[in-house]
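I have placed the structure first, in the form of structure tokens, so that the comments after it can refer back to it.
The values are calculated or read from the model by the stated rules, or taken from the named source; none is laboratory data. These figures come from a predicted structure and were not determined experimentally. As a convention, Cβ positions derive from the backbone with ideal geometry for all residues, glycine included, and neighbour counts pool all protein chains shown. Heads up: the accessible areas ignore ligands, DNA and RNA and are worked out on the full protein's heavy atoms, side chains in. Shrake-Rupley method; radii C 1.70, N 1.55, O 1.52, S 1.80 Å.
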Amino acid sequence: MTTAVVAVLAALLLSLLLPFALIPLLKRLGVLDVPNERSSHTRPVVRGVGITVAVGLVAGLLIAGIGGATDSSQLLLAVAAVATAAALLGWVEDFRGLSIRGRAALQLGIGTGGTALAIALTDQTWWWLPLGALALAAYINIANFMDGVNGISGLHGTAVGLMFAAAGAVTGHGWLVVGGAVVAAAFVAFLPWNLGRGNVFLGDVGSYLLGASLAMLGLTAFLDGVPAEYLLGPVAIYLADTLATLLRRISAGERWYAPHRTHAYQRLTDVGFSHLQSALLVTGCSLLTGFCGYLAAESDLMGKAAAIVAGAAVVIFYLRSPVIFSRRSSNAAGPAA
């Protein structure tokens, strides 16, 4: 059995089995997610179970990195370091909470350190440091904002991890194949816990882990020569939902940082979608934009333009989906008697 296979299996099994031991402890400690203005659930739910995903993901990356699963295994160790730092920050947030400024400063610090590692290991120019730091910090927050219905984060980690792995296979970056597969394995193992009858939540530890691991994989891959289209396509829906919601709230004069539930995926539940249906629509659209990204990277100028237009159409459909499905629900109901 190769080191890469062992790494993926370790991520899968640890993430799947550790909750059996952790959930009773979290219940005793009272680590619960109490419904608020942002919540899509109506009763307190155990949160912080993302620490098991973190253990599985980081263990898988360490096994692959230390075991020399690929020629660039040191890049996997850099991803592991950033994922660990983000998960620890999320764990503190789950237990004690942090001020907005303190949290932002620490996230930016993680982004700066992660980008510095990626630049040093890929021999890229240090001019990328500020942009990379902002991108890493931003996606940690984006993954946290988008973690509002059951299944959405587990499916996002699985889908984007696999698409990044596919990008690595196409471009000959073996470390990205292994890294993407480890992330996908760790998050797919969380889905039975999140979607089961006694569902539990990732918590900030899990959503920060998700954002940091995917952002660090994508940033490092870009600096290592993977075309940006491969990497932006899979996360386009998350980026678009967050940006559109932020601009809408700012233009309406609302406090953009206050709890809310006005993301497109949350409004879908308001028009009758279940949590899983909303999460599947987000994931399906992400797979489509990811495919458009692959086409853009592999095509000539005309093909690239067509793929970008197709991807933009998917994004627009997704952002308009709450309105589209609300109208269909109203038409299906027919006039009142």
field: Options Gly68, Gly56: the member that is within 21 Å of Val160 (Cβ to Cβ) and either touching a residue at least 24 places away in the same chain (Cβ under 8 Å) or crowded, with 24+ Cβ neighbours inside 10 Å (or both)
entry: Gly56
statement: Among the residues of the range 24-41, the number that are at pLDDT 75 or above and open to solvent by less than 20 Å² (accessible area, probe 1.4 Å) is 1
- line: Within the range 214-256, the residues that are part of a loop (DSSP other than H, G, I, E, B) and at pLDDT below 95 are Ala252, Gly253, Glu254, Arg255, Trp256
message: Being within 12 Å of the chain's Cα centre (by Cα) and either surrounded by fewer than 21 Cβ atoms within 10 Å (Cβ to Cβ) or hydrophobic (A, V, I, L, M, F, W, C) (or both) is the filter here; which residues of the range 141-157 pass it?
response: Asn141, Ile142, Ala143, Phe145, Met146, Ile152, Leu155
- line: Of Leu108, Leu134, Leu98, the only residue that is open to solvent by 50 Å² or more (accessible area, probe 1.4 Å) and more than 18 Å from the chain's Cα centre (by Cα) is Leu98
message: Need the failing condition index for Gln266 against (1) part of a helix (DSSP H, G or I); (2) open to solvent by 10 Å² or more (accessible area, probe 1.4 Å), just the number.
response: (2)
query: Cβ-Cβ below 6 Å, separation at least six or inter-chain, first residue in the range 91-118 and modelled with pLDDT under 95, second acidic (Asp, Glu): which pairs?
result: Glu93/Asp204; Asp94/Asp204
